[in-house]
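Chemist: Got a structure here, written out as structure tokens. Questions coming.
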Amino acid sequence: MSTDDVSRPSGDEPTQPVDADVTQRLDVSAASRQPGLPYLGQPPATYPSTRAAPPPPTGAHRSVPPTGHAVSRATERHRVGVGLWTGVALLAGLVGGGVGAAAVAILDDDPTAGSQSQEVNAIPVDAPPLQIDNTSVVAVADSLLPSVVQIKVSSGQRVGTGSGFVLDDEGHLVTNNHVVEVAAEVGTITVVLEGGEERDATIVGRSPSYDLAVIKVDVGNLTPASIGDSERLRVGEPVVAIGSPLGLTSTVTSGIVSALSRPVTAGGVGESSFISAIQTDAAINPGNSGGPLVNLAGQVVGVNSAIATVDAGPGGEAGNIGVGFAIPMAQVRRTVEQLLADGEAQYPVIGASVATTMDTGAIISTVTSDSPAEEAGLAEDDVVTSIDGLRIDDGVDLIVAIREHQPGETIELTYERDGDVSTVSLVLDGLVG
């Protein structure tokens with residue numbers, strides 16, 4: 001069995017079993033849905049272990065985002081697993097691919113959720129896309145740079161930096177939760193606009209479960225980013241990542257969509273996120289967290305959140321190895337619309353906890369009374385092997401698959417008990433987080 005070190009910015013170790021209904025502390029572990037591929041963790045020896053990226057030179061006190069957790073998963077499944085080291089913010093690594101804006105390494109704090117929520121309509125698909133035949137990264141940069149900002153966060157001696165982008169002309173900005181969570185209770189958030197102007201920002205809402213946050217600045221004449229459809233992305237499609245890696249504002253890198261629907265888990269300050277992520281080889285480093293991943297039509301299709309990095313050894317620094325992760329815009333839309341309306345967002349749960357050591361399914365460790373899981377007849381030691389026909393290899397797979405749905409939706413689970421296979425339908429419950 002191989003062990004993958006996955007963690008986000010801080011270095012908490014996940015406990016098992018993991019609660020499928022609550023933000024878990026798995027932190028930064030990513031697994032691929034593709035068969036036949038080994039993990040990038042310590043074994044096999046030919047693959048590098050993953051770590052959270054080091055923080056940018058802005059004075060962040062943690063390497064990589066501070067909210068990372070190291071999660072070890074002994075599995076050699078037919079899928080690729082990427083461990084994002086805990087180093088502070090690794091969304092999966094908190095910016096592991098953006099790793100807590102890397103600099104943000106954990107520096108983010110939970111927003112005063114809801115207290116400053118605004119009543120805003122659904123996310124606009126404002127600006128028209130660039131011409132379909134446009135394949136110029138230069139044109140994409142010219143179009144998006146005015147909409148991308150650097151975010152500086154401080155709370156006591158904890159400081160960090162990350163990225164974000166303009167959502168609308170009312171001053172709402174989208175970023176990662178791990179980028180701003182440190183200043184949620186006590187601290188300051190400063191936004192650096194494209195021209196270098198700095199303005200104070202406040203938190204509108206935050207979702208630790210999806211590692212997303214909305215903040216607001218009182219500035220007029222902002223340029224909203226054009227929003228795209230992540231569900232239309234194809235593997236191999238060119239994409240551009242924009243942000244402030246290592247504190248270097250307005251940095252543009254390009255690559256392709258390496259894979260889709262990568263199960264990735266990462267933790268913030270005491271909380272974890274489970275994402276069905278877009279994998280890209282566009283260079284993403286600490287400080288990129290919260291910045292946009294853009295298609296060649298100039299539309300935002302994802303929010304950069306984590307990266308996998310090579311283990312540089314004791315005292316060494318880890319960097320980008322071409323394996324970054326972004327939260328799909330489809331999920332961003334659903335979550336951000338809730339944050340704008342209520343200052344908080346819900347995530348779906350079944351009312352059961354699952355262990356994370358299995359590699360042939362998700363083993364249920366506990367079932368909550370009067371929960372959807374109990375009502376469906378699920379019990380301790382049942383092994384869930386698929387959800388809506390999609391194979392489930394472990395607990396992380398199950399949690400990520402469930403979180404692609406919304407509370408109130410019906411899902412179908414197939415499970416094994418004492419050698420017998422059964423299928424049940426259940427309606428998802430919801431929790432705020």
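Chemist: Those residues that are within 13 Å of Val349 (Cβ to Cβ), of a type in the set (D, E, K, R) and within 25 Å of the chain's Cα centre (by Cα), I need them from the range 364-403; list them, please.
Modeler: Passing the criteria: only Arg403.
Chemist: Could you grab the pairs with beta carbons closer than 6 Å, sequence gap of 6+ or different chains, first residue in the range 329-356 and on the phi > 0 side of the Ramachandran plot and at pLDDT 95 or above, second one assigned to a helix (DSSP H, G or I) and crowded, with 22+ Cβ neighbours inside 10 Å?
Modeler: Gly351/Pro372; Gly351/Ala373
Chemist: Among the residues of the range 393-409, are any in a strand (DSSP E or B), touching a residue at least 12 places away in the same chain (Cβ under 8 Å) and either out of contact with any helix residue (DSSP H, G or I) (no Cβ under 8 Å at 6 or more places or on another chain) or surrounded by fewer than 16 Cβ atoms within 10 Å (Cβ to Cβ) (or both)?
Modeler: no
Chemist: Take the residues in the range 203-218 that are farther than 20 Å from Val432 by Cβ and buried (at least 16 other Cβ atoms within 10 Å of the Cβ), then tell me which one is nearest to the chain's Cα centre (by Cα).
Modeler: Among those residues, the one meeting the criterion is Lys216.
Chemist: For the range 363-387, which residues satisfy the criterion of being among the charged types (D, E, K, R), under 12 Å from Val424 (Cβ atoms) and either buried (at least 22 other Cβ atoms within 10 Å of the Cβ) or touching a residue at least 24 places away in the same chain (Cβ under 8 Å) (or both)?
Modeler: Glu375, Asp382
Chemist: Which of the residues belonging to the range 341-390 are over 22 Å from Ile275 (Cβ atoms) and touching a His at 6+ places or on another chain (Cβ under 8 Å)?
Modeler: Listed by number, the list is empty, since nothing qualifies.
Chemist: Would you confirm whether any residue within the range 227-239 is more than 29 Å from Gln406 (Cβ to Cβ) and either of a type in the set (Lys, Arg) or in contact (Cβ under 8 Å) with a residue 60 or more places away in the chain (or both)?
Modeler: Yes.
Chemist: Does Asp200 fit the bill of being among the charged types (D, E, K, R), in contact with a strand residue (DSSP E or B) (Cβ under 7 Å, 6 or more places away or on another chain) and on the phi > 0 side of the Ramachandran plot?
Modeler: Criteria not met by Asp200.
For (1) within 23 Å of Met329 (Cα to Cα); (2) touching a helix residue (DSSP H, G or I) at 6+ places or on another chain (Cβ under 7 Å); (3) in contact (Cβ under 8 Å) with a residue 60 or more places away in the chain, each residue gets a yes or a no:
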site: Ser163; (1), (2), (3): yes, yes, yes
site: Gly171; (1), (2), (3): yes, no, no
site: Asn177; (1), (2), (3): yes, no, yes
site: Glu181; (1), (2), (3): yes, no, yes
site: Gly187; (1), (2), (3): no, no, yes
site: Thr190; (1), (2), (3): no, no, no
site: Glu194; (1), (2), (3): yes, yes, no
site: Arg199; (1), (2), (3): no, no, no
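The values are calculated or read from the model by the stated rules, or taken from the named source; none is laboratory data. Fair warning: this is a prediction, and the values are worked out from it, not measured in the lab. For neighbour counting, all protein chains shown are included, and Cβ atoms are generated from backbone atoms with ideal geometry for every residue, glycine included.
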